Structures are given as C-alpha cells and as structure tokens.
Amino acid sequence: MYYFGIAALDRFKTRLKEYQKYCEHIAAIPSYRDFPPHLIEYVDYGLQSQEPPTRPQGPVLPSNLAAMIGPLPAAVTTCYKTLTSTTITTTTTVAKSTTSTGAITARPSIANATNIDTLLVATEKEEKMTAPPESLQDKIAFIFNNLSQVNLTVKCEELREIISDEYWPWVAQYLVMKRASIELNFHGLYSNFLDTLKIPEVNKIVLRETFRNIKVLLRSDKGIANFSDRSLLKNLGHWLGMLTLGRNIPILQVDIDLKSLLVEAYHKGQQELLYVVPFVAKVLESCAKSKVFKPPNPWTMAIMNVLGELHQEPDLKLTLKFEIEVLCKNLSIDVSDLKPVVYLKDQEKILNIEYQLSHPNKKVEQIIQPTINQTPSQPQEMSGNIASEEMNQIPSTTPSTTVTHTNTTPTTNLPAGPPEPRFSYMDINVSNIAGLSPHINVNGQLALFQAHPHLKQFVRPAVERAVQEWIAPVVDRAIKIAVTTCEQIVKKDFALDPEESRMRAAAHHMVRNLTAGMAMITCRDQVLVSINTNLKTAFITALMGATPQQKDFAEQAASVAAQENMELACAFIQKTAIEKAIPEIDKRLLTEFELRKQARNEGRRYCDPLVLTYQAERMPEQIRLKVGGVTPQQMAVYEEFARNIPGFLPLTERDAAMFIPKPVNVSRIKLKCSLSELSFYLNSYSFITIFDRKRMQQQHFQLLVLLKCELEHCLPLIGSQGVSSNCIGVAMNGLLEALVIARRNRDPNSAVALIQKAVEGLLGVLPQIPNDPETKIRFRDYSLCVLKAMQDPRLFGMQWTNKQVTRCLLESREEFKFNVEAVDLLIRAHLVNLPQLDMHIAQCMENGHNFLAVMFAMKLVQLYLIDERHNNPVTETDLYNTIEMLARISAHARQPPEG
C-alpha cells in the first residue's frame, strides 16, 4: 500500500500547490523524508502554494518491484508530461521511453486493454489545437460522465452554453480518443449525442479525428503483441461504421481503402491480420443497419468476398476465422455463399498497392517481388525451427540465406503473440530441473552453431538458469492470486452442495486452469529476456575476442534459441505452480469438506442457512442456487477447465480422466439425500447405465424408496412453516400414502393412483398455497420428482407415464385443468402428450362458447409462441388445432370477455 500511495501521489504532484492543507498532512508522516526526492520537493513547494520551478522527475518504485509487476512501471517510473491538449488527468510516457527500447517493461500488458498511450504520443507530436482551461475541461468530462439516453437534450444544451467555436476540435478529439476508443458499449449513446447536438461541423471534425486515430493505430509498431492497440483499433472500427455506413454515408477510398488494407495485411503476415481483420469486420458490422450498404450492395459484397477468400486460407488463425463468421451472421450471410476470387494473391495488386500500414523497410521491398509468386502469404507464428529462422536469419550474400518472409513491421526480441502450445501436460516432468533436458530444442542450422558446434552445450544451462531465476516469484504470485480467486468462486457455487468430492474436483479443475494462466502471463516475457541474456553472455564469453560479425551471429543465435525454448521454460514453471496450488486449495477448503462429512455422518442434509436465505431473498430464480448437487451443465464448466489448461495441448480422453470426476455409484447414495440430488440422479444418463439388466430389475422400485424417505423427512419441515391452511399437509400425506402403496404392490393400478395424486396436487393444491415461495417450490418439486421417477425406464417408461399424466390432466375439473402455471410445469417437464392436449383444448373451446377454455388457450399461445418464442419446448405445430380454432373464433368476430 505504501508504493500504491507513492505512485498515486506522483500522478497528481502538479496539483499539490492547490491543496496546502493536504501537503501539511503529508509532511507530518513519520516516513516523509524517505519519499522519492522529487516528491518531497513538490510537497515542500506545495506548503507555500507553489510548484517547483524545475519540475523535477524521478522513479517512484524500486527496481525489484518494477521487475515483478511487468509493464506497469513503464507508466510509473519514467518521466511524465502532462498533455495540454487533453484532460488534465491524463499522463503519458515520453515516446522514446516506450518505443525505442526492447526492455521488458516497455511491453504493453494484455490486462490493460484501454491503454491509449499510442494515440496520446502521436497526438502530442502533431500540431497543438486550442485546449480549453482546466476548469472547462473538468466540466466537459463531467457532462460526458453523466450522459445517458434520458438526458441527451439537457446535456447537449449545457455543452453548447459552455463551449465556444474554437474549442469544438478539442471536444471532438476528447470524444474520439478518450471515449469512443475505449468505451465500446457507449457508442450508441455518443452517436445519439452527436445527432442531438445538431452541429454538422462537429460531426465532420469527429469523423476526421476518427480517421486520424485509426491511421495512427494502423501505422503503429506491430512487432510486439500490443493488445491495447488492437482493442482500440477494433473499437474505432465499430465507431467509424456507426458514423458512416450506419448513417448511409460512404467511406471514401482516399480516407481508408478496406480491400487494399486486407491485401497489405495478408502479405505482411499474421500479426498484421490480427489488427486488420477485426477492424474491417467491425466497420462492416454497421452495414446491417444501413438501407444503402446492407447486402447485396456491390461495395459491401466485394469486401465480403475478399474476407471469404481469406477465410479459406488453411493457416489462418481460428480467431480471425471466427471474426469473419460472426460478421457473416450479423449481415445474414452464409460464409459458403460468398464468391471469393483470386484477389489477395493477385501479383499486380501488391505491386500497385498504396501502403496504409507501417511502411516496409528497403530490404524487404527488394525481395518482396520475387517471393510473391512462390509464397504470397508466409505464416508468421513463432513455432518450430522454420519460423524462428525466418524471423532471425542473418543476412548473407549467398542466395540460399536470403530472407524470404514478408513481415515488414519493426520487430524486437519479444514474441508476436502467445504461441500455439507444443507440450502436453503429462510430458513435463517437474520433479527436478533435469526434466527440461529431453525437450530442449537447439537449431543446428544457425550460422553460429555451424561455425562453432561446441556452443550448443550452452543452451541447456541458459534455459535452466532462467527457470531457476524466475520460478520462485512467479509461482508464489500465481498461487496467491489463483487460489484466492478459486476459493471464493467454488465456495459460492457449491455452497449448498452436500458432496465434498464434487466440490474438491471442481476446485482442482479451476485452480489448475487459473494458476497455469496466471503463471504464463507473468513469466513469459521475463523468461524470454532472461534466456536471451544468458545465452548472449555465454556465447560472447566463449568466443574470446569475438569479431563484430561473430557478435551479430551470437545475438541472432541467442534470440532464436530463446524463442524456441521459452515455451518449454514457461510450461515447466506453470506445472510447478499447479502442483503446489492443488494442496493449497485443499488446505483452504478443508473446513468446507469437514462440515459436509460431519453432516453426512450425523444423518442430516448439509445446508448453509445463511447462503440459502440469501439465495432465496436476493437471487432471481434463473440463477438461484438449489439445495443439493450442482447440475451436469454447471459441472461441465469446471470439467472444461480440466480439459484445457493454458499453455498446454488439450488433454486426451485418457489424460482428462485423471482430472474429471468419475460417475457416482448409486449404492453409495444415502437414503436421506436431498431433493436436488435425487433430481440429478433421475436425469443422469450415467445413473441409468450403471446397472446391468439383472440389477436393473432388482432396483425397479429403489427410486420410490428414495422418494418415500425424502417425503417422510420433509413433512415435519413443511408442517413447521406455520401455514394457516392444511391443504399442503393433506396433499403431501396423500402423496406419501400413494407412494407407499405403489412401492408395496408394484403394479400398474397403484402407479396410476400415484400419478393421479401428483397431478391433482399440481393442478389443485399448488394455486392454493399462500405466499410462501419456499414451501411452494418444495411441494412442486416433490410432485414433479414422483412423475419423473415413474418415467424412468426401470419403472414404467416415458410413453406410459406421459399417457397417464395426460389422461389425469384432461379428466380433471375445468377450474383445475385450465391452470396455465401447472400445465406449463408439466409441459416443460416433458410429461404431457402435446397432440392429445392440443386436440382436447380445441374441442373444449366449443367454437367460442366456453370462455374459460378460450382464455386458457389464448394464454397458452401467448406464453409459448409470443413471449418465449425462441426458448420454449412448444412449437406452432404442437398447438395447430388450438391456433386453428382461435382463428376461426376470431373470424366470426366473437370476442371473449376481458379479464
């Protein structure tokens, strides 16, 4: 917290002169004289309401902490400049300190998707526009912070009152750079804001500023995995589409040529495509709302056909294919319906192209023409020896070593993006550091190793030293964050689950996944730099008195070897962290496991009353936790964690079996299992397939035993609810008696009586239950559980049970059977024969004379075919006769009464 406070103080040190009293409090801190010297000077001058004349700068974090937190110090420890052309709260690093070095601290973080430093630095270099005073900037920021669809008119009036014509360019820049580029969800709001403002000149300035920022990002350095710039470019693409295509305004080729942009990115490589394809897709997304540019507009379809050609590329990343498929879905186009032509690989196009991305350097320009015919698109992924050689090959006079790739953006020693996993989780042995040896890769084709083969022996020690250097801090940090996160989520999800085995398995799956991901993003860059540095030092030391050419060869060999072995080192660190995280999460959840064991030993159902109360009172029904085991769908989320561990290949079925929990044996189920557990086993396919034929016949009525015990256990609980009417108790006792008889007699007649009791309870008793949601849900679930148990193949099967349930429903009294809530429950539980019900409803309406039946039919059609049309078990075909009869009644102009 100390360094957090220091960093925060450094952020607004230029404003300290305005807060004299605050400076007095800071100066009174005992450790004040230990502050960084430049901050002490600012505070001392702030006591006199002044600012230091020299405006000193300095680091605020120690070097060891800066190395641990990765890219953050680049925004904290370097010199700041307050931008006079933007809001006063925005600071940025000097361009040189963030772009001219290959140090690890200069690399943007994947976690910081809203870093607009690239835009700020580019804006700072350009001609300054007139910025409003600081007080006016604060007012503008306040207006945008409080903007909503409700107060658009009022806020526009406020802005018109305080802004003069000279400040509108600054407002446009603020809107595009500080708002639209990072706030994707508010693009609609800001677009409506411009419409409400009704100043055409402002719209033009905003559009011009949008194009300017897009061009800055297109020309930015793509040699590193700059996730922030990619996110900003994608957001601005969506914003541009809304301002132009969405309003039926064309995007002129002189501003941005989207087709040429795709061609240029295609020939430069995968890294450029990661920028351009999502950008183009977001721009074209707005065509769906346009009257002019929606398909089959020729301009739109021409670009879509280019994307279709790109989609057919076998080496295209799946994320880019997904972007194209999502765009096609938004535009109501099938990818297979696109008509791609040979456009991307057309040699004339690339020769005559006007570059819109970062300009190629001269060496690549000289070789790009002869390589187009042979390899128009070179994969740029950093996996395998070939890609590494292409990125790091030493130029030579011999034709065989000419660089053949076409990636023209500046490159550094940092990787272009997360590489495809090469190792299986089971392949890595972390018992000791020697487990790295079998997997270390040494590229013997490199010039240095061909001239000095003995230098290959230095690769393994360099990798091992890098791992030993970073493994302790990375593992500690990954475990601390992942275990804490996993503990909280698992406790929440399994708060009402009585089985500690499920909870433990889910916790292992999740902590394994989170720990691996956390370790990977923490150590990847540091390990790469460390291996590179170790190898350079070892090579130069071994080549005593090395010539400049040998030094170049050593640097190239170190870079390639570091790239090729970085993933192995990370995998070793990741698995080490995982192996330590699993015992730690068990330790954290030990109390939870013991509580569940204790409840089971005492013969009672585990339930946390505080969590149950909170879920019942605060959470909506759709996401409310139920007492008992989690559903298979919920557990599938955790099983997916087990199958896909970040940084490793997906697990095979055999390997995944080590992590995925086995099916629960029915013989171990306690008789006093919870209702939710019972529902789980009733609906579980694995439950049915456990038994062979003989055991299935012996277990025919075991489900009824479980139901009987649960009913006997919960009848006292329902009686203690204090419900004034005894209708629930009578119905539950009747259901229990029918259950006992069915279990004893084991014949169809007893089963029919049991089904009739359950259906009558749902139709007649459920609506009479007072305002007691917990009791109502409990009674409903018991009745449905009885009916679902009868559907089980080991009892009477679905066809017979549904026939009896439908018969009971149709033969019940009108005031009961026309109960929409109860009928909906039976239909959603797949307990009703829909064609039979449909025919019966149509007959009951009696051409409109039976108003009760007509109202019931109208409500049923409204529920399934209008309100929940896209998410329901009933289609128009299922209610064909009902709809036909309603149409006939409507045609005769006989209106049912209201109410």
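The values are calculated or read from the model by the stated rules, or taken from the named source; none is laboratory data. Note that the structure is a prediction, hence the values are computed from the model and not measured. Cβ placement follows ideal geometry from the backbone for every residue including glycine, while neighbour counts extend to all protein chains displayed. Remember, those area values only see protein heavy atoms, side chains included, never the ligands or the DNA or RNA. Shrake-Rupley method; radii C 1.70, N 1.55, O 1.52, S 1.80 Å.
In table form, for the structure just shown:
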{"read-out": "Of all residues in the range 598-644 being hydroxyl-bearing (S, T, Y) and touching a residue at least 12 places away in the same chain (Cβ under 8 Å), the one that is farthest from A495 (Cα to Cα)", "value": "Y638"}
{"read-out": "Matching residues, the range 436-452, being buried (at least 17 other Cβ atoms within 10 Å of the Cβ) and assigned to a helix (DSSP H, G or I)", "value": "L436, H439, A447, L448, F449"}
{"read-out": "Condition broken by G5, with the remaining ones in (1) closer than 12 Å to V60 by Cβ; (2) surrounded by fewer than 12 Cβ atoms within 10 Å (Cβ to Cβ) satisfied", "value": "(2)"}
{"read-out": "Candidate set: the range 143-194, residues that are touching a residue at least 60 places away in the same chain (Cβ under 8 Å) and farther than 20 Å from R247 by Cβ; chosen: the one most open to solvent (accessible area, probe 1.4 Å)", "value": "I182"}
{"read-out": "Residues satisfying the stated conditions in the range 741-779, i.e. more than 49 Å from the chain's Cα centre (by Cα) and at pLDDT below 75", "value": "R743, R744, N745, R746"}
{"read-out": "One residue from L159, L147, L119, L189 being assigned to a loop (DSSP other than H, G, I, E, B) and not hydroxyl-bearing (S, T, Y)", "value": "L147"}
{"read-out": "Residues of the range 237-252 that turn out to be outside any loop (DSSP other than H, G, I, E, B), in contact with a helix residue (DSSP H, G or I) (Cβ under 8 Å, 6 or more places away or on another chain) and either without any contact (Cβ under 8 Å) to a residue 40 or more places away in the chain or not hydrophobic (A, V, I, L, M, F, W, C) (or both), as a count", "value": "4"}
{"read-out": "Selected residue [at pLDDT below 85, buried (at least 19 other Cβ atoms within 10 Å of the Cβ) and over 26 Å from L136 (Cβ atoms)] from P30, P73", "value": "P73"}
{"read-out": "Residues being touching a helix residue (DSSP H, G or I) at 6+ places or on another chain (Cβ under 7 Å), open to solvent by 50 Å² or more (accessible area, probe 1.4 Å) and not in a loop (DSSP other than H, G, I, E, B) - total across the range 789-820", "value": "3"}
{"read-out": "So Q549, is it of a type in the set (S, T, N, Q), free of Cβ contacts under 8 Å to residues at least 12 places away in the same chain and part of a helix (DSSP H, G or I)", "value": "yes"}
{"read-out": "Tabulated pairs, the range 28-55, first β-branched (V, I, T), second buried (at least 17 other Cβ atoms within 10 Å of the Cβ), C-beta under 9 angstrom, 6+ apart or interchain", "value": "I29/F35; V43/L9; V43/K13; V43/L16; V43/C23; V43/I26; V43/F35; T54/E41"}
{"read-out": "Test result for E348, part of a helix (DSSP H, G or I), of a type outside the set (V, I, T), within 20 Å of L233 (Cα to Cα) and open to solvent by 70 Å² or more (accessible area, probe 1.4 Å)", "value": "no"}
{"read-out": "Some residue of the range 107-119 being closer than 30 Å to G517 by Cα and either of a type in the set (D, E, K, R) or modelled with pLDDT of 85 or more (or both)", "value": "yes"}
{"read-out": "Unmet criterion (only one of (1) open to solvent by 10 Å² or more (accessible area, probe 1.4 Å); (2) among the hydrophobic types (A, V, I, L, M, F, W, C); (3) in a helix (DSSP H, G or I)) for M304", "value": "(1)"}
{"read-out": "Pairs where the first residue, in the range 259-270, is of a type in the set (S, T, N, Q) and the second is surrounded by 22 or more Cβ atoms within 10 Å (Cβ to Cβ), C-beta under 6 Å, 6+ apart", "value": "Q270/Q380"}
{"read-out": "Tabulated pairs, the range 331-343, first within 19 Å of Y266 (Cα to Cα), second surrounded by 10 or more Cβ atoms within 10 Å (Cβ to Cβ) and small (G, A, S), C-beta under 6 angstrom, 6+ apart or interchain", "value": "L338/G308; P340/G308"}
{"read-out": "A265 being part of a helix (DSSP H, G or I), under 29 Å from P314 (Cα atoms) and modelled with pLDDT under 90", "value": "yes"}
{"read-out": "Leading residue by the ranking (modelled with the highest pLDDT) among those in the range 324-355 that are acidic (D, E) and within 12 Å of N305 (Cα to Cα)", "value": "D334"}
{"read-out": "Among the candidates A554, A516, A562, A506, residue that is closer than 19 Å to R477 by Cβ and open to solvent by less than 10 Å² (accessible area, probe 1.4 Å)", "value": "A516"}
